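Reviewing the structure listed below.
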Amino acid sequence: MTTAHGTDGWTASVRQRLALGRLLPLGEAADGAWLAERAARAELRRAAAGVPGTVLDAGLRIGPAGPGAHGEPVVTPPPSALPPGPLRIDGQFTAVASPGGSASGPPDGSASGSPAAGESLTAVAERLRAALSACAREVLGLTVTEVDLRVTGLLTRAPGESADSTAPHGGRPVSPGDDVERAVAAVPGVAYLTSALGSPVVTTPGHVRVELATAAGHHPPAVAREVRARLARSLPGAPTVAVLVTAVEATPAP
């Protein structure tokens, strides 16, 4: 019989899992790593905020670029994770125009620079597309091959910021007696361990899944590769290792 307390716990767990969004293949197919869509959206929105004349709408999604272009994971993936392969960003944005007809940044001048007078919406969209592509590739390490953007409106004044929350899911300290957790936490670029899917380290016969946040200035695929390499060297029986990154650009734990 399921108690009310047990039901509440199950509901909270499901909500937390859904909040992560899709689990996106991170780096190359051989890297055995995934990134939570929620974390990716937060960084993409930061990149978009630096593009003058644009306001990225809610509902940004990241998913497979198309059928038939995906491979098999080299390790057991986290639950419901997408298979390795190219990704596509789908989003909508509002263009911000000056009263004279050209797009402009926020009235307080907080955006970096101003677009050229008379710049077309196509050109504005291309600048936003380039910023999102660069962030996906250089900051996150995602293989994004398509960025589909649609203009949903034109404003003369930028609205208030409505970026995704970047609060991590399930950040927690290292268990003093857990050698695997301590080994993961010692890898440069690991900000802290997380437990969005239940536990920072899940061990099954022949396989280990690790969940973590990466620190600012560290490329998530590189951190994941080092975590996998260290565990492969230190764990008996040479288990396969999968890494799930649930937050990026995080502040390291004290």
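The values are calculated or read from the model by the stated rules, or taken from the named source; none is laboratory data. Bear in mind the structure is a predicted one, so any value in this text is a computation, not a measurement. Note: ideal-geometry Cβ built from the backbone for every residue, glycine included; neighbour counts use all protein chains shown.
One table, with the values for the structure above:
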read-out: The stretch 49-63: number of residues that are closer than 19 Å to Arg22 by Cβ, of a type in the set (A, V, I, L, M) and in contact with a helix residue (DSSP H, G or I) (Cβ under 8 Å, 6 or more places away or on another chain); value: 3
read-out: Listing of strands (runs of 3 or more DSSP E) fully contained in the stretch 181-254 that carry 1 or more residues being surrounded by fewer than 16 Cβ atoms within 10 Å (Cβ to Cβ), touching a residue at least 60 places away in the same chain (Cβ under 8 Å) and hydroxyl-bearing (Ser, Thr, Tyr); value: 201-204
read-out: Segments classed as strands (runs of 3 or more DSSP E), wholly inside the stretch 53-150, with at least 1 members that are at pLDDT below 90 and either of a type outside the set (Val, Ile, Thr) or more than 16 Å from the chain's Cα centre (by Cα) (or both); value: 87-96
read-out: Of residues in the stretch 163-197 being farther than 14 Å from Ala253 by Cβ and of a type in the set (D, E, K, R), the one modelled with the lowest pLDDT; value: Asp164
